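Colleague: Provided herewith is a single structure, encoded as structure tokens, for subsequent inquiry.
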Amino acid sequence: MSTQFKPIQIPPGVVSQATKKMRSSNWSEVNFIRWREGQLTPMGGQAQFTNVVAGVEKYKFASRCKMIHGWYGLDGQYHIAYLCETNLYVDTGGALTDVTPAGGIAAPAGLVGGYGDGLYNTDIYGTPRSIPSRVAISKVPDAYSLDNFGSILYAMTSADGRLLMWDPAAGAAGVAATVAATAAFTTTSPNITMVANPGPVTPGMSVYDTTNSQPIGTVLTYTGTALVLTANAAHASQGAADVLQFGNVAVIQPPSGSRGPVPHGRCFVVTQERFLMIFGATQDGTTGGGSARRFSWCDQENPGAWDYSNVTSQAGFLDIEPASPIICAEASRVGVLFWTSKKVYASRFLGLPYVYNYVELADARRPGRRSR
């Protein structure tokens, strides 16, 4: 049977014109759909990734996951990092390993008393906040940062504040053994007297002093009760029985010699110019110790060098005016964009002697102000 009507054949893909009045032979608005073999179909539900070994789920986090980052090591191996509220994991080749630093990551305090605190549509709906509105409005959400500097992974949470690093070249991920030293050690010798090697400790493993929360060095040999590092111990023992952790887990970024301290912060980015920039920088060794409105950057190509006063270093900092705490930051092709609770700024690389600057991009409108 013939008909004057012809089937409508709309090609796959979404093409939106400048206005809805402009004609288009494509889909212009869609929601939760995908094209499969050229056919428009619903997106479908999410699939949970699992890795069950001997009846045990291996792909499981001890705290809520907040950020994911993938990168390649110098050997071409692809890694995926998962930053959780109190844990850090790395997936290499499908094997998930907990590389949380010794002592753990400080847990977030949460936005207690703000909007969404408590149940909705129950008998407690309408109950006044547990804190005054003037306090609740100043609450700042937690921030989580993940990025790689070359092959080295960096992580930071606003609740913890420390700049954490994990080097895939430092050996197999995870803790191999935890052993106590039997005598004090100094920075003038690579030799540390230990109890007998428990077996899993092998050359190339990193050594971390959990007693003092500092990295010691790298294992050269561990025979009998004699541990020999590849170089002199990075710091002296504070006692005769410091507990040493062997393996490859995240550690606090150590200062490069006397070029520290490495600031604590709220979040960080790695810039295109090979600087690591920390926002909300505190505990940076300056008078006053920094603040929530300060952003600082290390010396170029050296995340352990933060000596602002060194004339041969490009490390520096800037304090935002008008004063307002920095909320988050994002690296982009036009520079680093960052938001305070009041305004939006862009920081751009200038080179010596200023290195970086910042310019205002937008200002939050005052309550009650109308646009015209």
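The values are calculated or read from the model by the stated rules, or taken from the named source; none is laboratory data. The structure displayed is predicted, hence computed values, not measured ones. Cβ: placed from backbone, ideal geometry, glycine included. Neighbour counts: every protein chain shown. Protein only, heavy atoms only, side chains kept; ligands, DNA and RNA dropped before computing areas. Shrake-Rupley method; radii C 1.70, N 1.55, O 1.52, S 1.80 Å.
Colleague: Add +1 for every Lys or Arg and -1 for every Asp or Glu among the other residues with Cβ under 10 Å from the Cβ of Asn51, and state the total.
Modeller: On the way: positive: Lys58, Lys60; negative: Glu57, Asp91.
Counting the neighbours of Asn51, the net charge comes to 0.
Colleague: I've got another one for you. Quick check: with the 1.4 Å probe, what order do Phe279, Phe317 take by accessible area, largest first?
Modeller: Sorted by accessible area, descending: Phe317, Phe279.
Colleague: Something else: How many Å² of accessible area per residue for the range 195-252, probe 1.4 Å?
Modeller: Details: 2360 Å² over 58 residues.
Value for the range 195-252: 41 Å² per residue.
Colleague: Moving on to the next point. For the chain, what is the relative contact order in percent, using Cα pairs closer than 8 Å and at least 6 residues apart in sequence?
Modeller: Values: 804 pairs, mean separation 34.2, N = 372.
It rounds to 9 percent for the chain.
Colleague: Heavy atoms only, probe 1.4 Å: what % of the accessible area of the chain goes to carbon and sulfur, would you let me know? List each step's numbers first, then the result.
Modeller: Values: 11620 of 21660 Å².
Roughly 54 percent, rounded to a whole number.
Colleague: Follow-up. Per residue, how much accessible area does the range 254-295 show when a 1.4 Å probe rolls over the protein heavy atoms, in square angstrom?
Modeller: Numbers: 1630 Å² over 42 residues.
For the range 254-295, the per-residue accessible area is 39 Å².
Colleague: Report the paramagnetic label zone for Ala169: residues of the range 193-218 whose backbone N is under 18 Å from a point 7 Å from Cα along the Cα-to-Cβ axis.
Modeller: 203-207, 216-218
Colleague: For the chain, with a Gaussian network of springs between Cα atoms less than 10 Å apart, report the residue from Ser309, Ser158, Ser206 with the top mean-square fluctuation.
Modeller: Comparing Ser309, Ser158, Ser206 in a Gaussian network model of the chain, the most mobile one is Ser309.
Colleague: While we're looking at this one, here's another question. Can you send over the solvent-accessible area of Tyr59, 1.4 Å probe, protein chains only, in Å² to the nearest 10?
Modeller: Taking all protein chains as shown, Tyr59 has close to 30 Å².
Colleague: On a 1.4 Å probe surface of the protein chains, which of Leu96, Leu244 comes out largest in accessible area, and what is the full order? Before the final figure, lay out each step's value.
Modeller: Details: Leu96 35, Leu244 0 Å².
Final ranking, largest accessible area leading: Leu96, Leu244.
Colleague: When the Cα atoms of the chain are enclosed in a convex hull and the volume is divided per residue, what value in Å³ results?
Modeller: Values: hull volume 104.1 nm³, N = 372.
Here the figure is 280 Å³ per residue.
Colleague: Same structure again: Extension gain Lys21-Ala107, at 0.36 nm per residue separation less the Cα-Cα distance, in nm?
Modeller: Working: separation 86, 0.36 × 86 = 30.96 nm, distance 5.20 nm.
Once the chain is fully extended between Lys21 and Ala107, it gains 25.8 nm.
Colleague: What is the distance in Å between the Cα centroid of the range 188-214 and that of the range 1-48?
Modeller: 62
Colleague: Just need the relative contact order of the range 147-280 here, percent rounded to a whole number, with Cα pairs under 8 Å and 6+ apart. Before the final figure, lay out the partial values.
Modeller: On the way: 318 pairs, mean separation 40.6, N = 134.
Relative CO of the range 147-280 lands at 30 percent.
Colleague: What does the helix-only formula give at 222 nm for the chain: each DSSP H stretch with n ≥ 4 adding -39500 (n - 2.57), the total divided by the residues, and the result rounded to the nearest 500 deg cm²/dmol?
Modeller: Working: 1 runs with 4 residues, N = 372.
Calculated from helices alone, the mean residue ellipticity at 222 nm is 0 deg cm²/dmol.
Colleague: Which FRET efficiency value, to the nearest 0.05, do you get for Ala240 and Tyr59 by plugging their Cβ-Cβ distance into 1/(1 + (r/R0)^6) with R0 = 25 Å?
Modeller: Numbers: r = 41 Å, r/R0 = 1.66.
Step by step, r from the Cβ atoms, then E = 0.05.
Colleague: Once the whole set of protein chains is in place, how much accessible area is left on Glu330, using a 1.4 Å probe, in Å² to the nearest 10?
Modeller: 110
Colleague: Moving on to the next point. Could I have the simple spin-label model distance between Val344 and Ser213, label points 7 Å from Cα toward Cβ, reported in nm to one decimal?
Modeller: 3.6
Colleague: Suppose the chain between Ala362 and Glu37 were pulled fully straight at 0.36 nm per residue; how much longer would it get relative to their current alpha carbon spacing? Present the calculation step by step, with values, prior to reporting the outcome.
Modeller: Working: separation 325, 0.36 × 325 = 117.00 nm, distance 4.40 nm.
Length gained between Ala362 and Glu37: 112.6 nm.
Colleague: Any chance you could run the full-extension gain for Ala183 through Ile10? It's 0.36 nm times the residue separation minus the Cα-Cα distance, nm to one decimal. Can you show the working numbers first?
Modeller: Values: separation 173, 0.36 × 173 = 62.28 nm, distance 7.70 nm.
Roughly 54.6 nm would be gained on extension.
Colleague: Let me ask something else about it. At 37 °C and a viscosity of 0.692 mPa s, what translational diffusion coefficient does Stokes-Einstein give for the range 206-283, taking Rh as the Kirkwood radius over Cα pairs? Give it in µm²/s as a whole number.
Modeller: Details: Rh = 14.7 Å.
This corresponds to a translational diffusion coefficient of 224 µm²/s.
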